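Here, each number is a calculation from the coordinates, and none is a lab measurement. None of the values given here were measured: they were computed from a predicted structure. Cβ coordinates were reconstructed from backbone atoms using ideal geometry, including for glycine residues, and neighbour counts include every protein chain displayed.
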Amino acid sequence: MSAHAASPAPLSFAALDGWQTDDQSAALTAFRGSCARILKLSPAAPLDTKGGDALYGRAGDWQPACEAAAKVAPGAGNARGFFQHWFAPMRLSGGPGLFTGYYEPEMKGSLTRHGVYQTSVLAPPAGFRMVEGGGSFPNRAAIEDGALETETLALLWLESPIDAFFLHVQGSGRVKLETGETVRLAFAAKTGHPYTSIGKLLVEKGAMPLDEVSMQTIRAWMEAHPQEGRALMRRNESYIFFRILRNIDPAMGPPGAEGVNLTPGRSLAVDRSHHPLGTLLFLTTEHPTVDGKARVPVRRLMVAQDTGSAIKGRQRGDIFFGSGAEAGEIAGRMKAEGELIALVPKSIAR
């Protein structure tokens, strides 16, 4: 077991509050996406190149369940039976933890620079390799000031610099072009410079109290203070490069760090030093309603399929809520305590 992994404690499925009422067929769909990757690995290979707690075993421990997953008949009962047959719940240390949300924003753009379309979204430069800490590579402010060949690297041009900034925060987005076509911007690379939270900077400067910070309040402040907002955005040195995907399936989420299309409400961004990509986690928390006036209990099986710069710790996760405005309203306000319980193959749980 890795040095940072405390001994997990076995649980029964009956002890999981909400297990019997969750529709695990949605989680099974997401898990099958991860299995497509896991089944290609050598049985002796780790599940994830970033490591993870040793309680999850190796690819060979998951491959029999992955082969069986493809044969499960439709229906919530069949999915629940599959997970109960192949896996065992394990309580992890470190709870309760913090759970936030993210989504795929939708914005307007153009393949050419003109009129209101003046904010570029860039592909990574040829031969680009990320260096932790950024090294000598230009940071956000330098890139915005023209340190790279912007005209050559630009995939498209957005209507709003604030949209562009939140695209970087979320890591993917859909862009409706003037032609009527919708394309997807998917994460390609990042510079390695440190990520700085704009919300934290706004609290430090006294612009808003910590308990009022959300994507909605940050956006409203930046729209009301465009010059100060641009200066604050430039203090986040991290910069994301993208790739453009065409002929997208609107029902599918963007590809996450695992290379698998994310499933709304079931894909979870995790700290890969604790949870390998493709693993199963039962989440207990709550999320806000679309209008932010109430909370909805969350008791559901999730699949670790993504990661993020701010996701650190065993009991830390970021829920993918889907695409568009409603998903954004929920994700932007999502900030709640909760707990993750791991599901590990019974062959190694013993």
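Taking PRO46, PRO64, PRO254 as the candidate residues, the one with maximal mean-square fluctuation in a Gaussian network model of the chain, Cα springs under 10 Å, is PRO64.
Loop only by DSSP, 13 or fewer other Cβ within 10 Å of the Cβ. Give me the trypsin sites (Lys or Arg not before Pro) in the stretch 274-341 that pass, ordered by residue number. The partial results should precede the final answer.
Values: sites: LYS293, ARG295, ARG299, ARG300, LYS312, ARG314, ARG316, ARG333, LYS335; in loops: LYS293, LYS312, ARG314.
Passing sites in the stretch 274-341 are LYS293, LYS312.
Ordering ALA231, GLY146, ALA269 by Cα displacement along the dipole of the chain toward the positive end leaves ALA269 in first place; charges were set at the Cβ atoms of Lys, Arg (+1) and Asp, Glu (-1).
Taken as Cα centroids, the stretch 209-235 and the stretch 290-350 sit 25 Å apart, rounded to the nearest whole angstrom. Placing a pseudo-label 7 Å from each Cα along the Cα-to-Cβ vector at THR21 and ALA45 gives an inter-label distance of 4.0 nm. The C-alpha atoms of the chain define a longest principal axis, and helix 161-170 lies at about 20 degrees to it. Comparing HIS193, HIS114, HIS274 in a Gaussian network model of the chain where C-alpha atoms under 10 Å apart are linked, the largest mean-square fluctuation is found at HIS114. Each part reduced to its alpha carbon centroid, the stretch 101-147 and the stretch 177-192 end up 10 Å apart. Here the calculated FRET efficiency for ILE244 and ALA147, from their Cβ-Cβ distance with R0 = 22 Å, stands at 0.50, rounded to the nearest 0.05. Taking each residue as 0.36 nm, the span from HIS225 to VAL290 lengthens on full extension beyond its C-alpha to C-alpha distance by 20.8 nm. How many percent of the alpha carbon pairs in the chain exceed a separation of 29 Å? For the chain, the fraction of Cα-Cα distances above 29 Å is 41 percent. Against the chain, whose longest principal axis is taken from its Cα atoms, helix 215-224 shows a tilt of about 0°.
Applying a DSSP loop filter and a limit of 14 other Cβ atoms within 10 Å to the GluC sites (Glu not before Pro) in the stretch 139-210 leaves GLU149, GLU178, GLU181.
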